[in-house]
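S.K.: Can you read through this structure? Questions will come right after.
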Amino acid sequence: MSCPHCQPGDSRTATIVDSPTVLLVGNPNVGKSTLFNRLTRAKQEVRNAPGTTVELSTGGWSIDGSSVTVIDSPGTYSLLARSADEKFVTDLLTGGVAEYSPDLVVAVLDAAALSRSLYLLGQLSKAGHPVVVALSMVDVARGENAEVDAKTMSAILGVPVVEINPRNGEGLDELTDAIRTGLQVKPRIIGPDAKACTCVEGGECCELSTTPPSDAATLAEILADADDVFTWVEVVSSRVGGERPRVETTFSDRADRILLHPIAGIAVLLGVLWTLFELTTSVVAPIMEWTEGFVGGPVTSVANGLMGAVGLGGTWVESLLLDGVLAGMGVVLSFVPLMFIMFFALALLEDSGYLARAALLADRLMRAIGLDGRAVLPLIVGFGCNVPALAATKGLPNSAHRTVTALLIPLTSCAARLTVYILIAATFFPNHAGTVVFGMYLGSVLLVIAGGLLLKVIFKDESVEDPLLLVLPAYQKPRVLTVATSAARRAYAFLKGAGVTIVVMLTLMWGLMAIPVSGEHEIGDVPVTDSLYAEIAETVAPVFAPAGFDDWHASAALMTGFVAKETVVAALSQSYQVDEPAENSYEDAEGSDLGARMRADFDRTSGGHGGAAALAFLAFILAYTPCVATIAEQRRLLGWKMTAGAFIGQLVLAWLLAVAVFQIGALL
């Protein structure tokens with residue numbers, strides 16, 4: 001009896017029609033995303049799946065001139081969905097996401113952890129899709145004396161099994177042939193519910209599964225009894241090899257004795273976190289300043305000359321272009337090197353195998369706020385800069401954790417706020433300025449903890465309470481070129497996704513400062529006191545009366561703080577029309593004209609409790625939206641609806657915190 005799913009035919013005669021879709025499915029950390037990058041290269045799009053916060057990567061691939069859509073699904077250990085990511089994978093396989101319904105599934109299995117991968121494959125067989133198996137980590141399995149017989153596995157499963165190494169491209173030609181053939185002949189897995197028989201050349205053909213389930217609920221019902229799957233996994237594993245007992249100690253074993261040690265491991269982790277923090281502050285800051293200075297200097301000079309050449313010099317059009325659009329572009333471009341370097345650093349940690357160890361070490365601490373250890377890196381990065389910290393949440397495999405972490409990051413006190421802390425602390429508390437600044441960072445940590453506990457209740461995702469399940473991959477030498485390419489692609493995604501939002505919002509800010517309210521000045525040539533910006537600040541100021549700083553200078557500075565926190569000091573100097581004190585200097589801030597005028601105004605508006613009002617002002621600076629770039633990145637990750645909710649929530653939190661600080665402080 002012939003067995004078409006055992007012998008798919010000659011790949012050279014297969015043809016592909018109707019722009020098919022290929023879905024990559026596999027456990028986390030099996031090389032699935034690396035394979036996706038190899039196949040699609042630059043033709044990729046990363047976005048949230050429809051109606052979810054689950055990240056979906058799609059890309060274009062060409063086989064013999066035919067266009068193929070490749071989808072990189074979230075990593076999953078089971079089709080019994082508990083998290084939103086796992087549910088989305090199940091929906092993809094059962095028709096719940098019609099626009100991404102796959103014509104062929106490429107199951108990426110880990111040869112070094114075969115039983116775990118086969119469990120998912122056994123479940124996958126019940127979904128009924130045509131399948132091709134890509135066997136990764138073959139070199140790791142071979143090094144552990146656990147080599148898998150791919151030819152025998154193919155005969156047992158009834159589908160093509162191809163050994164690949166997506167890190168260097170080995171086996172991709174053979175995989176392409178298998179996919180080309182699979183799209184034509186639709187090979188099906190001989191899974192746990194097939195009749196017992198041997199599917200080899202010339203042998204009896206095994207019957208396949210019954211009609212595939214039509215929805216995720218039906219599939220879950222079918223998979224509820226897993227005994228047949230476990231039995232099938234044991235049978236297949238015993239016949240194809242893999243996971244043999246290992247007697248020798250590997251390099252990974254020796255390294256983990258140090259890196260997972262409760263004392264030495266924590267010390268190394270703290271060193272890694274400190275390095276990431278330094279990257280977002282000391283290392284990248286000069287590059288960001290140079291980039292923004294280049295746009296504000298030579299580029300602006302050229303644009304200024306062009307405006308003059310076409311007769312628009314000195315007009316509001318020139319001001320709009322230079323002080324609005326071009327200034328916004330300078331801010332956007334200044335973030336690109338920061339994003340690239342941060343993505344590069346995180347990708348190196350992941351590619352080397354250390355990222356999973358860091359998550360394991362930090363897990364107990366992060367569990368207290370409803371997250372797992374993998375969230376510690378983005379939160380620590382947030383104390384350097386919130387924007388790359390938000391971008392780093394994309395590395396979290398659980399969508400609920402990604403959302404919660406992205407909402408908590410703005411509460412981490414980024415380095416840009418430090419300038420404001422120093423000015424206010426030195427002006428109002430010259431003998432205790434350092435203590436005040438330390439208190440702001442301590443307050444930031446407490447806000448993150450409180451926010452995490454609250455969001456833990458709001459986002460009642462069952463998987464949030466699950467124990468951390470991690471595969472500790474073998475340590476490997478990072479592929480610098482591949483990592484750099486991936487980092488550049490993600491930095492470009494930030495530039496394209498968040499750049500427009502930043503430029504538009506900064507241009508709107510220019511409009512507020514460029515439009516006069518008295519009619520005595522021209523657009524674009526307006527003193528700050530006569531601008532729409534000052535008028536709005538004057539209108540908003542009474543809102544802060546319960547917090548003790550009912551003054552338009554303070555509210556105007558807070559408005560400017562939406563652009564970037566480091567501009568608050570400059571905004572105060574501009575509104576008071578005095579020179580800005582030296583940056584990061586306690587002494588200069590205390591004795592400056594700006595400091596004296598602020599003390600006078602805060603004492604007046606607070607009824608003689610200027611110190612309490614100053615602390616309330618700092619509390620508001622700490623808790624409200626960090627900057628326009630943060631809003632843009634949140635919008636890119638979470639969508640406008642959730643970003644708007646977070647924006648309003650942060651404002652309410654900041655106001656309540658400021659009022660509480662002032663009212664309590666005024667009583668002391």
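The values are calculated or read from the model by the stated rules, or taken from the named source; none is laboratory data. Because the structure is predicted, anything quoted here is derived from the model rather than measured. Glycine gets a Cβ as well: all are built from the backbone with ideal geometry, and neighbour counts include every protein chain shown.
S.K.: Evaluate region 522-529: report whether one residue or more is polar (S, T, N, Q) and in a helix (DSSP H, G or I).
M.R.: If we filter region 522-529 for residues that are polar (S, T, N, Q), which is where we start, we get 529.
This time we only want the ones that are in a helix (DSSP H, G or I), so: 529.
Yes: one or more hits.
S.K.: Filter region 7-38 down to the residues that are at pLDDT 70 or above, of a type in the set (D, E, K, R) and in a loop (DSSP other than H, G, I, E, B) and list them by number.
M.R.: D18
S.K.: Another one. Determine whether L321 is assigned to a helix (DSSP H, G or I), in contact (Cβ under 8 Å) with a residue 40 or more places away in the chain and either crowded, with 24+ Cβ neighbours inside 10 Å or not assigned by TED's automatic domain parsing to the domain that holds L638 (or both).
M.R.: Judged against the criteria, L321 is not a match.
S.K.: Here are S282, S334, S319: which of them is among the hydroxyl-bearing types (S, T, Y) and under 20 Å from V500 (Cβ atoms)?
M.R.: Answer to the selection: S334.
S.K.: Filter region 496-552 for residues that are closer than 22 Å to V628 by Cα, of a type in the set (V, I, T) and touching a strand residue (DSSP E or B) at 6+ places or on another chain (Cβ under 8 Å) and give the result.
M.R.: Within region 496-552, I515 is the sole residue that qualifies.
S.K.: Quick one: count up the residues across region 256-298 that are under 15 Å from A362 (Cα atoms), of a type in the set (V, I, T) and outside any helix (DSSP H, G or I).
M.R.: 1
S.K.: Evaluate region 328-335: report whether one residue or more is surrounded by fewer than 12 Cβ atoms within 10 Å (Cβ to Cβ) and assigned to a helix (DSSP H, G or I).
M.R.: no
S.K.: Look at E221 and say whether it is over 30 Å from E144 (Cβ atoms), at pLDDT below 80 and surrounded by fewer than 14 Cβ atoms within 10 Å (Cβ to Cβ).
M.R.: So E221 fits the description; yes.
S.K.: When you look at L157, is it crowded, with 21+ Cβ neighbours inside 10 Å, under 26 Å from D227 (Cβ atoms) and over 33 Å from the mean Cα position of the chain (by Cα), yes or no?
M.R.: yes
S.K.: If you don't mind, another one. Name the helices (runs of 4 or more DSSP H) wholly inside region 585-664 in which the number of residues that are assigned by TED's automatic domain parsing to the domain that holds V543 and closer than 17 Å to I424 by Cα is 1 or more.
M.R.: Of the helices (runs of 4 or more DSSP H) lying wholly inside region 585-664, those with at least 1 residues that are assigned by TED's automatic domain parsing to the domain that holds V543 and closer than 17 Å to I424 by Cα span 586-591, 593-605, 610-623.
S.K.: Is one or more of the residues making up region 514-525 modelled with pLDDT of 85 or more, within 23 Å of M329 (Cβ to Cβ) and either surrounded by fewer than 22 Cβ atoms within 10 Å (Cβ to Cβ) or not assigned by TED's automatic domain parsing to the domain that holds A600 (or both)?
M.R.: No, region 514-525 contains no residue that is modelled with pLDDT of 85 or more, within 23 Å of M329 (Cβ to Cβ) and either surrounded by fewer than 22 Cβ atoms within 10 Å (Cβ to Cβ) or not assigned by TED's automatic domain parsing to the domain that holds A600 (or both).
S.K.: Between a residue in region 357-380 that is modelled with pLDDT of 80 or more and in a helix (DSSP H, G or I) and any residue that is crowded, with 22+ Cβ neighbours inside 10 Å and polar (S, T, N, Q), which pairs come within a Cβ distance under 8 Å, given they are 6 or more apart or on different chains?
M.R.: A375/T393; A375/T405; P378/T393; P378/T405; L379/T405; L379/T412
S.K.: If you don't mind, there's one more thing I want to ask. G271 fails exactly one of the following numbered conditions: (1) over 30 Å from G143 (Cβ atoms); (2) at pLDDT 80 or above; (3) not aromatic (F, W, Y). What is the number of that condition?
M.R.: So G271 meets the others, but not (1).
S.K.: Could I ask something else about it? Limited to region 324-356, what total is found for residues that are over 30 Å from M513 (Cα atoms) and either of a type outside the set (G, A, S) or without any contact (Cβ under 8 Å) to a residue 40 or more places away in the chain (or both)?
M.R.: First, the residues of region 324-356 that are over 30 Å from M513 (Cα atoms): 340-356.
So of that shortlist, the ones also either of a type outside the set (G, A, S) or without any contact (Cβ under 8 Å) to a residue 40 or more places away in the chain (or both) come out as 340-344, 346, 348-351, 354-355.
Matching residues across region 324-356 total 12.
S.K.: For residues in region 391-419 being outside any helix (DSSP H, G or I) and in contact (Cβ under 8 Å) with a residue 24 or more places away in the chain, which is farthest from A644 (Cα to Cα)?
M.R.: Among those residues, the one meeting the criterion is P397.
S.K.: Name the single residue that is farthest from G128 (Cα to Cα) among those in region 164-190 being surrounded by 22 or more Cβ atoms within 10 Å (Cβ to Cβ) and in contact with a Gly (Cβ under 6 Å, 6 or more places away or on another chain).
M.R.: By that ranking, first place goes to P166.
S.K.: Considering every residue within region 87-97, establish whether at least one is β-branched (V, I, T), under 25 Å from T403 (Cα atoms) and surrounded by fewer than 22 Cβ atoms within 10 Å (Cβ to Cβ).
M.R.: yes
S.K.: Can you tell me which residue in region 83-107 is modelled with the lowest pLDDT, limited to those that are within 21 Å of the chain's Cα centre (by Cα) and not hydrophobic (A, V, I, L, M, F, W, C)?
M.R.: Checking each candidate, the answer is S83.
S.K.: Mind checking which pairs have a first residue in region 134-157 that is closer than 26 Å to Y475 by Cβ and a second that is assigned to a loop (DSSP other than H, G, I, E, B) and aliphatic (A, V, I, L, M), Cβ under 6 Å, 6 or more apart or different chains?
M.R.: Cβ pairs passing all conditions: A134/I164; S136/V30; S136/I164; V140/A474.
S.K.: Does A541 satisfy the condition of being assigned by TED's automatic domain parsing to the domain that holds F662, closer than 27 Å to L667 by Cβ and modelled with pLDDT of 85 or more?
M.R.: So A541 fits the description; yes.
S.K.: Same structure again: Given the structure, is A400 modelled with pLDDT under 85 and farther than 30 Å from Y77 by Cβ?
M.R.: The answer is no for A400.
S.K.: Quick check on my filter: what residues within region 295-305 are without any contact (Cβ under 8 Å) to a residue 24 or more places away in the chain and surrounded by 13 or more Cβ atoms within 10 Å (Cβ to Cβ)?
M.R.: To start, the set of residues in region 295-305 that are without any contact (Cβ under 8 Å) to a residue 24 or more places away in the chain comprises 297-298, 301-305.
Within region 295-305, A303, N304 qualify.
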